[in-house]
1. How about the range 10-54: which of its residues are free of Cβ contacts under 8 Å to residues at least 24 places away in the same chain and either closer than 30 Å to residue 366 by Cβ or in contact with a Gly (Cβ under 6 Å, 6 or more places away or on another chain) (or both)?
2. Looking at the range 352-369, I want the residues that are closer than 10 Å to residue 334 by Cβ and have a partner that is open to solvent by less than 40 Å² (accessible area, probe 1.4 Å) and part of a helix (DSSP H, G or I) with Cβ atoms under 7 Å, at least 6 apart or on another chain. Which pairs are those?
3. Just checking, which of 64, 8, 73 is closer than 30 Å to residue 340 by Cα, modelled with pLDDT of 95 or more and open to solvent by 60 Å² or more (accessible area, probe 1.4 Å)?
4. Filter the range 126-148 down to the residues that are β-branched (Val, Ile, Thr) and open to solvent by less than 20 Å² (accessible area, probe 1.4 Å), then identify the one that is nearest to residue 272 (Cα to Cα).
5. Looking at 210, 169, 215, which is the one that is among the small types (Gly, Ala, Ser) and open to solvent by 20 Å² or more (accessible area, probe 1.4 Å)?
6. Please state which of the following conditions residue 8 fails to meet, knowing it meets all the rest: (1) among the aliphatic types (A, V, I, L, M); (2) in a loop (DSSP other than H, G, I, E, B); (3) in the same structural domain as residue 332 (by the TED database); (4) under 30 Å from residue 221 (Cα atoms).
7. Do any residues in the range 258-276 that are under 15 Å from residue 287 (Cβ atoms) have Cβ atoms under 6 Å from those of residues that are outside any loop (DSSP other than H, G, I, E, B) and acidic (Asp, Glu), where the two are at least six apart or on different chains, and which pairs are they?
8. So residue 29 fits all but one of (1) more than 27 Å from residue 119 (Cβ to Cβ); (2) in contact with a strand residue (DSSP E or B) (Cβ under 7 Å, 6 or more places away or on another chain); what number is the exception?
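The values are calculated or read from the model by the stated rules, or taken from the named source; none is laboratory data. None of the values given here were measured: they were computed from a predicted structure. Here the Cβ positions follow ideal geometry from the backbone for every residue, glycine too, while neighbour counts run over all protein chains shown. Accessible surface is based on the protein model in full, side chains and every heavy atom, while ligands, DNA and RNA are left aside. Shrake-Rupley method; radii C 1.70, N 1.55, O 1.52, S 1.80 Å.
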Amino acid sequence: EAAAAERVFTPSNALVGLRLKLRCTPGDGAQRYGPPREVESSGPVEAGPGACTFDSRHLYTKKVCGEGSVRAVSYNILADTYAQTEFSRTVLYPYCAPYALELDYRQNLLKKELAGYSADLICLQEVDKSVFVDSLAPALDAFGLEGLFKIKEKQHEGLATFYRRDKFSLLSQHDIAFSEALLSDPLHKELCDKLAKYPLVQEKVLQRSSVLQVSVLQSTTNPSRKICVANTHLYWHPKGGNIRLIQIAVALSHIKHVAWDLYPSIPVIFCGDFNSTPSSGTYSFISSGGIAEDHEDWVSNGEEERCNMPLSHPFKLLSACGEPAYTNYVGGFHGCLDYVFIDRNALEVEQVIPLPSHEEVTTHQALPSVSHPSDHIALICDLKWK
């Protein structure tokens, strides 16, 4: 038996095979106690995987970073909905041991990984509702992080944003579903009218259930410092470049409304799985502030889906982690799809936590694996106010 003052207990190897019992005696400051309650773990303590892809990264993130700095993480954690299909097990991830694709296993690995980053902001994609409610929110709560969730209605998975409670407080939330915003918000009327000329593309855009999560946070130590944190997961199809361009145009208009109109001139951090490599129109549009109507991505799915339109946005955004060789590594594909975009005018990069080495990523052929819970790799960077 061990009396514990901490909220987090990590079993030692000596406890492998044993069940855990938690016994709690409620009490208050006045020395009044209630009857003790007990709960037993549903299964025995299992051995962990040994060395993980994130162990060496944790050496850089042992402590929460200083007051003027923000450690941001963006990570597509691979929804259980997609990990456990017959197609995933046999075609997408045949190299991954079946037990390592199971939800309980991946969740435990994920909690260990995220806790070790000591982050101030965590933007996650592909978060199952139950994983958020039953697993991530309570676990990260114990490490000082507050969580917000935005579901994709059709998919039963969505986006989560966590922020460190003693560094930030939540001022407001401005989440949208792209299709709904495009149809109903006057902000997007011009784009909506342009899109109406291309009924095939319009229909495709409106069928997607992609969402954007936007949270405005305020520094607890310096209330004049506010920040707009956006998080998204764009349409995935390899030929969907035209759809992603429209989604990102809606996203940037909406973020502009929040960070220019509602909270004039607050800095933006825009994280997510953009399903776009650095050579794509979407990446170039985000980085440069504009896209020409003759860009090749307007015909990414062939002539019948051509939808030429010039687009622009007023932000000066920079990919804080640069352009890694890949952030997604599966058997049939690897490429850089995930980014943490920051407001160049207001924020600068203090350090980027190195990604796992190619040897680590490919130890078990590809991702996910027994030592890595997702097919994506987390991006982590320390940012500071200029």
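1. Let us first name the residues in the range 10-54 that are free of Cβ contacts under 8 Å to residues at least 24 places away in the same chain, namely 10, 12, 14, 21-42.
Scanning the range 10-54 gives 10, 26, 33.
2. 367/361
3. Details: 8 fails: modelled with pLDDT of 95 or more; 73 fails: open to solvent by 60 Å² or more (accessible area, probe 1.4 Å).
Answer to the selection: 64.
4. Keep residues of the range 126-148 that are β-branched (Val, Ile, Thr), which gives 127, 131, 133.
When the remaining residues are screened for being open to solvent by less than 20 Å² (accessible area, probe 1.4 Å), the result is 127, 131.
Numbers: 127: 12, 131: 19 Å.
Of everything passing the filter in the range 126-148, 127 is nearest to residue 272 (Cα to Cα).
5. Of the residues listed, the single one that is among the small types (Gly, Ala, Ser) and open to solvent by 20 Å² or more (accessible area, probe 1.4 Å) is 169.
6. Result: residue 8 passes all but (3).
7. 268/343
8. Condition (2) is where residue 29 drops out.
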